[in-house]
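This report refers to the structure that appears directly beneath it.
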Amino acid sequence: MDFRKFLKTDEARVLPYFGGTRVDDASRRYAVDVQQPPGWYRFSFKGRVATIVDNADATDLEGLEAVRGHFAHGWLFSGGRQLARVELVPAEEPALLSPVIARRWHSGDLVFDALEFESEAEDTVRQALEDVRGIDEIKGVAASLRAAFAFALVTGVGRALDIAVSPREIAGAILELASGGREVATSLLLDLEERRRLERVRVQAWDAAEGRVVQHRSGRQRPRSAADAGTPIDRATRALDAAGADLVGSRSLGRGMLEVTYRFMGERFISVVDEVSLQVIDAGICLSGSDREVTLESLPSVIREGFDTAQLNITRRA
């Protein structure tokens, strides 16, 4: 007798998937057994496990909380330090500094909903962005537009200098960037890069002393699967989940080291940990020599504190 037919399988339904190991509906969270690129999918369910059936059109988001702000490079700025990654942005992205509406999904993630009408301020600020200058003289610039401008400005200057930057690394310098333009952006980026260099030197010195070699590249990430139950990857998944983060991928570096890539606060981070204790070997952010005092479970709270105190500096990028 085939007992599988007696196992309860919930009716398939459409949900947004943001990548990683889980998906949420209005009432609960499910583990995703096969990972795909982010998008809208029809899922089938068995217990607490969700399986992607096929692609699907977006469902109606009207009943969800609306979050308004200005858009820049995949992020929504709704105030000076109020920002979040916008998930499932259309293939034709909104123009830089566009006013948009996103909806807060049950997981807390923001899902793109619609463009809003622009005022004269957006075009005027875009011209300042093209000129790589400050916007102090422009009247009627909302805090959300100023923050989006600052990130777009520093991103453009960073590309010219080959220095990557996250909006969470510059949130404490919004006013200075919006006022000073290229000069302030260049100074900020060079300072970030120098602190990253010093952090890499410290980490490499510690690891050399312990006979380890940590490679500063992301490499090919291995998705989590059911076969990982009870392995270091499974322990890493549980630790990150307890901290409100979501494992995206992992790989063994040998000599007892595990590299993990995870989503947290709308950003992707890469950290290297001891595969047994999950003690941090390389946090992937500047910790000024305190990496060894942190575990993978406590690391997300350290990242959040770095953002809250305007000291976050990301050294390893996904």
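The values are calculated or read from the model by the stated rules, or taken from the named source; none is laboratory data. No experiment lies behind these values; they were computed from the predicted model shown. Every residue, glycine as well, gets a Cβ built from its backbone with ideal geometry; the counts of neighbours run over all protein chains shown.
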- Given the residues VAL203, VAL272, which is the only one that is at pLDDT 85 or above, touching a strand residue (DSSP E or B) at 6+ places or on another chain (Cβ under 7 Å) and buried (at least 22 other Cβ atoms within 10 Å of the Cβ)? VAL272
- Query: If we keep just the residues of the stretch 275-302 that are in a loop (DSSP other than H, G, I, E, B) and either crowded, with 24+ Cβ neighbours inside 10 Å or acidic (Asp, Glu) (or both), which is farthest from the chain's Cα centre (by Cα)?
  - Reply: GLU275
- Query: Does LEU76 count as surrounded by 13 or more Cβ atoms within 10 Å (Cβ to Cβ) and not in a strand (DSSP E or B)?
  - Reply: no
- Task: Would you confirm whether any residue within the stretch 159-181 is of a type in the set (Val, Ile, Thr), touching a residue at least 60 places away in the same chain (Cβ under 8 Å) and assigned to a helix (DSSP H, G or I)?
- Result: yes
- Task: Take ARG196 and decide whether it is of a type in the set (Lys, Arg), crowded, with 17+ Cβ neighbours inside 10 Å and modelled with pLDDT of 90 or more.
- Result: yes
- Message: Please go through (1) in contact with a strand residue (DSSP E or B) (Cβ under 6 Å, 6 or more places away or on another chain); (2) modelled with pLDDT under 50 for VAL214 and return the number of the only condition it doesn't satisfy.
- Response: (2)
- Query: Does any residue in the stretch 102-113 that is in contact (Cβ under 8 Å) with a residue 60 or more places away in the chain come within less than 6 Å, Cβ to Cβ, of a residue that is surrounded by 17 or more Cβ atoms within 10 Å (Cβ to Cβ) and in a loop (DSSP other than H, G, I, E, B) six or more places away or on a different chain, and which pairs are these?
  - Reply: ASP109/PHE18; VAL111/LEU88; VAL111/TRP105
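Restricting to the stretch 301-318, and then to whatever is aliphatic (A, V, I, L, M) and without any contact (Cβ under 8 Å) to a residue 60 or more places away in the chain, can you tell me which residue is farthest from LEU190 (Cα to Cα)?
Ranking the candidates gives VAL302 first.
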- Message: Restricting to the stretch 1-37, count the residues that are touching a strand residue (DSSP E or B) at 6+ places or on another chain (Cβ under 9 Å) and either outside any loop (DSSP other than H, G, I, E, B) or modelled with pLDDT of 95 or more (or both).
- Response: 15
